[in-house]
Amino acid sequence: MSKNQIALDMFAVDAASQKLGIELIEIGDGYAKMSMTITEDMVNGHAITHGGYVFILADTTFAMACNSRDDAAVAARCDIRYLRPTKAGDVLVAEAVERARFGRNGIYDVAVTCENKPVAEFRGDSRIVNR
């Protein structure tokens, strides 16, 4: 199996991420960087990006980072803090970094930005699963 293969195989068949136009920018051990352009269909009644779309970008990036090694992993817990609104046409970039890995568990932080300004902070706990 080649480096990062679990994550790459997972992303190749991730219909939700593909449909939303999420793109993989970079991947490495315990690390991933992805982007998504906000469309008119992704804004809420306040004409700002619906928080669920920000979350799905962060969650997908977290999934790529925690599956970037030789073990398959799933989310055990995650939360997000929204810091700044975005709008249709904005390009969001999410960067996931492994903070700790112990036994079958991992902790990852994901920063979501737009034009290098913070949009959201996400933390996810992963759990290695049998494949």
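The values are calculated or read from the model by the stated rules, or taken from the named source; none is laboratory data. Treat the numbers as computed from the prediction; the structure is a model and nothing was measured. Every residue, glycine among them, receives a Cβ derived from its backbone with ideal geometry; neighbour counts consider all protein chains shown. Only protein heavy atoms, including side chains, enter the accessible area calculation; ligands, DNA and RNA are left aside. Shrake-Rupley method; radii C 1.70, N 1.55, O 1.52, S 1.80 Å.
Show me the ranking of peptides 24-37, 42-55 by mean Cβ neighbours inside 10 Å, starting with the highest. Don't jump to the answer; show the numbers that get you there.
Values: 24-37: 17.9, 42-55: 16.0.
Result, highest mean first: 24-37, 42-55.
In µm²/s, what is D for region 3-45 at 37 °C and 0.692 mPa s, where D = kT/(6 pi eta Rh) by Stokes-Einstein and Rh is the Kirkwood radius from Cα pairs?
In µm²/s, the coefficient rounds to 280.
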Helix 51-66: inclination vs the chain longest Cα principal axis, degrees, rounded to 10, gives 20
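Show that you can apply the helix-only estimate: for the chain, add -39,500 (n - 2.57) for every DSSP H stretch of four or more residues, divide by all residues, and state [θ] at 222 nm to the nearest 500.
Working: 3 runs with 29 residues, N = 131.
Computed ellipticity for the chain at 222 nm equals -6500 deg cm²/dmol.
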With a 1.4 angstrom probe the carbon and sulfur portion of accessible area for the chain, in percent, totals 50
Treating the beta-carbon of each Lys and Arg as +1 and of each Asp and Glu as -1, no other charges, what is the dipole magnitude of region 1-51 about its Cα centre, to the nearest 20 debye?
60
Ranked from highest to lowest mean number of other Cβ atoms within 10 Å per residue, what is the order of the peptides 111-124, 7-20, 61-74?
61-74, 111-124, 7-20
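Applying 1/(1 + (r/R0)^6) with R0 = 35 Å to the Cβ-Cβ distance of GLU121 and ASP70, what FRET efficiency is obtained, to the nearest 0.05? Write out the running numbers ahead of the final one.
Numbers: r = 28 Å, r/R0 = 0.80.
About 0.80, to the nearest 0.05.
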Determine Rg/Rh for the chain; Rg is computed over alpha-carbon atoms and Rh is the Kirkwood hydrodynamic estimate from the same atoms.
0.97
Can you give me the accessible area per residue for the chain, using a 1.4 Å probe, in Å²?
54
